[in-house]
Structures are given as structure tokens and as C-alpha cells.
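Below is one structure, written out as C-alpha cells; the observations come after it.
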Amino acid sequence: MKYLTILGSTGYFGRNILSVILTNPNLYKIKVLVAKHNVELMIKQCILFNPDYAIMYKKSHAIILHNNLQNIGIKTKILFGKRKIIEITALDDVDQIIITIKSIIGLLYIKEAIKSSKVVLLTSIELLIIIHSLLIKDIYRFKAKILPINNSHSAIYELMPNNIQNKMGICNLYKNDINSIILIGSGGLFLYLPIEKFKYIDIKSCITTPFVNHKNMINMSTMISQGFEYIATKYLFNAKKEQIEIIINPESIIAAMVRLKNNSVNAKLNYPNIQVTIASMLEWPYKINTDNKPVNFYDIQSLTFLKPDLIKYPCLKLAIEASYEGLSAFIILNAVNDITTELCLNKKISFIDIAHINSIILDKLSFNKPKNIYEVLWIDNYVRQYTHYFIKKKKYSNIHKINIKY
């Protein structure tokens, strides 16, 4: 039996992870659950999984959680605050720490887990990039292990030989007979919409599914998601420019592909379901049960493959270019994109403004390469403040390039 800590248990990934655990109850015991503010759901999770610890970010939420659990006889110890989260990542009797937090602050928790030689399952592509850029030496020095839980990189990981799986971030693809990695995108909501109609897009009316992350839907539609996957692939698999390809597969049946030295291609296929990815990494290299239905090729009949149009998807182009400008360029793009997608979702800016503002901020700001996590946090915070100021003042032009040094 594996003992697990889950940071972000009430979010999208956290709920799906717990669902997989319920499907395989004899394999796992929850030691720690961490959530930001969803006390109501945390109460239900504590009743169902009876963790040793439950941590909320705020004291007020922790008090509510404590009182509710005490009234029904649940003996879970309730804690609060970021410091307690950092401390809990070093617990000796935890086999895996699953971090579903996307915020840059999650870097502090990952760093502590690495120092404690933990197996860390990480859902955030953004944090995967930063960790493998800044802390790759620490990962191997402390004999920690980082496993990706996202549709693309988990699939790529599964398709790779053991030599690469055991040397993430420092591997050599060519020496292991890998010619290239093929990333897959769906093309998003507006794949077949003519580019001249993009200025009329009402994003709020286009996203009608209530159970998905709407910002992720926007990122898929600008294809910046695949751009960030491109950057992560560069760091995780030590891939060169000519070793990364991006293809659009609108049916979203193919998770990823790997092109081999003999010019054959290996692929992983499954219906889109994050629980398949979670199950693959939780018990790697073994397989466990999920509720996902098997691929039916007769139902699929055919698959479509398209080349991304970088004029139609300027955010994808921005991300690819940023990958070769260094880590600070990625941090800038990630921070500004987080703000522009949120503003677009709330109808403060248009869909086409996302790429426009992302491009301007990326061009105007420049930083030294961060040397540690705290400098990453500083850059991220500065870019967010600057972007809000920039948009508030509508300074879309006539801004001189700013080069910032610590």
C-alpha cells in the first residue's frame, strides 16, 4: 500500500485523483489533504478518506473544517498556512506527494519534497518547466523523482525507453534511438473558424461546458497550451529544436507520439480522460483500473492530422520563440497569459487581444536568468503587476523596452 499526500485535493486534478483512488481502494492510503478554500468539499473528502492531516491555507477555513469534523467524530488533525504545507511535504511515512497546484508558490513545496527525496507527481506544466530548469541537479543529488501528470508528457514518458525515464532532464534522445517527440493539440474551439472572424469571438458564449476549466479551454484555443508543452518537452527530455514537432488532431484520441531512429512512430491512444493519465503515473510502471472506456476503432473510423497555422495561433509562436530566449522569457509569458486569459473570460479584453498583449509584454520586459525560486517568484509578481498597470492604462504602444536586473 502506498501512502499519499495530495496538495490541491478539491480542485479538478485533486478530485480526479481521489476518484482513481476510490476505484483502487486497497492500493492507497491518504495521509494528507491540502486545499485552498473549499471547506465544504474538504469536509466530504475527510469523511470519505479519513486522512491523518488536512491543511487549509487560511486559519478561518481551518477552524470551520475542525469544528465540522469534530462534531461527527473525525479525528483528522487540522492545520493551516503555507509553512505547515512546506513542513508536511517532508513527512517520512509518505511514499508519493501529488502536487496539483498551478501557482508559482507551489515551487516552495516541490523544493522541500525534492530535499526529502520524495516521489513527486506534478500536474502543472509550468512548474515542471521551472523545476527542471532550476533544480535538476537537486533532483538527482537527493535521489528524488518527478513524474508528470498531464496528458502529453505522461504519454511521452510511457513511450520512452527506461534509459530516458531514469534520466529525465539530462537524457540524450539520439543516443536512445529517438529522432523526435510529437506533441498533439486539438486546435481548440475555433479550429475551423476563419481568422478574419476571430475579432467577433465571444468567448463566454462559446464555452458552455460547466465541468471544465474555462481558462484551459482558452489556452487550448490559442494553442499556448501546446506552446508550454513544447517548452516543457525541451527541458524534460533535453530535446533540441529539430526534435520537437506539433500536430493538430481534432479528435483528441492520440495523446502523444514518438518518432524512432528507424522512422517508425510509436503512439499512445486513449479517449480524453485525465484519470487514465493519473492511473498511469500513480502506480508506474504498473497499470491500475480506471473507468475510462476502451478505444473503439470502428467508432473512430478515421483520424485527422493538421499542421498548426502560426498566423492563426500567434500564442503558439510566442511560446516556441520564448523557449529559446531562456527561463525568464517563459516566466514572463506564463504570467501575462494567466492575466490575459482571465480578462478575456470576464469580457475585459477580446480574444485577439490575448496574443497582442502577450507579445507586447514579452517584448517590453527583460530579466536576468533567475538563480533560485525566490527570484522566479519576484519576476512572476513583477510581471503580473506590470501587466495589470499596462492594461489599465491601455498602453498598447510607445513603451520602451525595460531591462530589469536584480
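The table below lists the values:
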quantity	calculated
Potential extension, residue 40-residue 202 segment - 0.36 nm per residue separation minus Cα distance	55.0 nm
Unsatisfied cross-links (Cα-Cα over 23 Å) in the set 82/215; 111/234; 59/392	82/215; 59/392
Relative contact order computed over the stretch 2-148 (Cα-Cα under 8 Å; 6+ residues apart), in percent	22
Max mean-square fluctuation residue, GNM over the chain, Cα-Cα springs under 10 Å, options 58, 293, 115	293
Proximal charge balance of residue 64 [Cβ under 11 Å; K/R count +1, D/E count -1]	+1
Packing-based order for 32-44, 361-373, using average beta carbon neighbours within 10 Å, highest first	32-44, 361-373
Translational diffusion of the stretch 2-148, µm² s⁻¹ [Kirkwood Rh, Cα pairs; Stokes-Einstein; 4 °C; 1.567 mPa s]	85
Cα-based reach from residue 175 at 13 Å (exclusive), listing aspartates and glutamates while leaving out same-chain residues under 8 positions away	none
Radius of gyration and maximum dimension Dmax of the chain, Cα, Å	21.3, 64
Chymotrypsin sites (Phe, Trp or Tyr not before Pro) within the stretch 172-255, DSSP loop, no more than 11 other Cβ atoms inside 10 Å	192, 211
Cα centroid separation - the stretch 147-166 against the stretch 98-114, whole Å	20
Contact order relative to length of the chain, as percent, for alpha carbon pairs under 8 angstrom and 6 or more apart	14
GNM result for the chain, Cα springs below 10 Å: residue of 341, 23, 277 fluctuating most strongly	23
Candidates 113, 256, 62: whichever shows maximal mean-square fluctuation once the chain is modelled as a Gaussian network with Cα springs under 10 Å	62
Rounded Å value of the spacing that divides the Cα centres of the stretch 59-86 and the stretch 231-252	42
Approximate spin-label separation residue 288-residue 105, in nm, with each point projected 7 Å along Cα-to-Cβ	2.9
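All of the numbers you see were taken from the coordinates with simple rules; none came from a lab. All of these numbers come straight from a predicted model, not from anything done at the bench. Neighbour counts are summed over all protein chains in view; Cβ atoms, including those assigned to glycine, are modelled from backbone coordinates with ideal geometry.
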